[in-house]
Amino acid sequence: MKFQQWFAGHKAVCSANYEGPSGNMEKEAALRIWSRSVLTNKLRYASMISDGDAKTISELHTLDPYPGIKVEKHECVNHIGKRLGTALCKLVTEKSKATPKITLGGKGHGKLRLEVITKLQKYYTKAIRSHATVPGMRQAISAIIDHGRGFLVF
């Protein structure tokens, strides 16, 4: 009942400009922004920072808002770190259900606990942010494993 009362009052002042699945909202917003950028703002957006979703950039390439100029996609470093953590948590779960059972998580020395995964995410994103070249990033990421035995308590 409270929601209906709130919604009745909100509906008159709501400026929602998108209806559809939430998964398509980012793509739709990007298409609108890039489509009107030259006409409305007299500028071209040369790149976009994304969360790894390929739908938006592929739709932009199909739209081809600036013929002859390809919009570049850049990954958000925070999302890259998040994907690492998600993959490690999934690995721990999968191995615990495998036959024979392999225990990666749990308590004690040498376990891939959530605390360790969080530290790995932090060091991984720092390694990417701190280096301008792919070889530098690669070396720094490898150093996490090489030197991490002492401070990550694997």
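Every read-out reported here was derived from the displayed coordinates using simple, explicitly stated rules and does not represent laboratory data. In this text the structure is predicted, and so the values were computed from the model without any measurement. Using ideal geometry, Cβ is built from the backbone for each residue, glycine included, and neighbour counts are taken over all protein chains shown.
Check E75: other-chain or 5+ apart residues with amide H under 5 Å from its amide H, H built from backbone geometry?
S50
For the peptides 29-36, 3-10, what is the packing order when you average, over each peptide's residues, the other Cβ atoms within 10 Å and list the highest mean first?
In decreasing order of mean packing, 29-36, 3-10 become 29-36, 3-10.
If you add up the charges near A140, with Lys and Arg at +1 and Asp and Glu at -1, over every other residue whose beta carbon is less than 11 angstrom from its beta carbon, what do you get?
+2
Is the shape of the range 1-115 best called rounded, prolate or oblate, per the rule: a/c under 1.5 gives rounded, else a/b larger than b/c gives prolate, else oblate, with a ≥ b ≥ c the square roots of the Cα gyration tensor eigenvalues?
Because a/c hits 1.5 or more and a/b fails to exceed b/c, the range 1-115 counts as oblate.
What are the ³J(HN,Hα) values, in whole Hz, obtained from phi via the Karplus relation 6.51 cos²θ - 1.76 cosθ + 1.60 with θ = phi - 60°, for each residue of the range 32-40 in sequence order, with x given for Gly and Pro?
Result, rounded to whole Hz: 5, 5, 5, 5, 9, 4, 6, 5, 7.
How far, in degrees from 0 to 90, does helix 77-97 lean away from the longest principal axis of the Cα atoms of the chain, to the nearest 10?
For helix 77-97, the angle is close to 50 degrees.
Using alpha-carbon pairs under 8 Å, 6+ residues apart, how would you state the relative contact order of the range 1-122 in percent?
Relative contact order of the range 1-122: 17 percent.
Work through the residues other than K107 whose Cβ is under 11 Å from its Cβ and net out their charges, Lys, Arg +1 and Asp, Glu -1.
+1
Would you work out which of A87, I145, T62 lies farthest towards the positive end of the dipole of the chain, given +1 charges on the beta-carbon of Lys and Arg and -1 on that of Asp and Glu, about the Cα centre?
Going by the Cα projections, it comes out as I145.
In straight Cα distance, which lysines are under 23 Å from K27, not counting same-chain residues fewer than 8 positions off?
K27 reaches K42, K55, K70, K73, K82.
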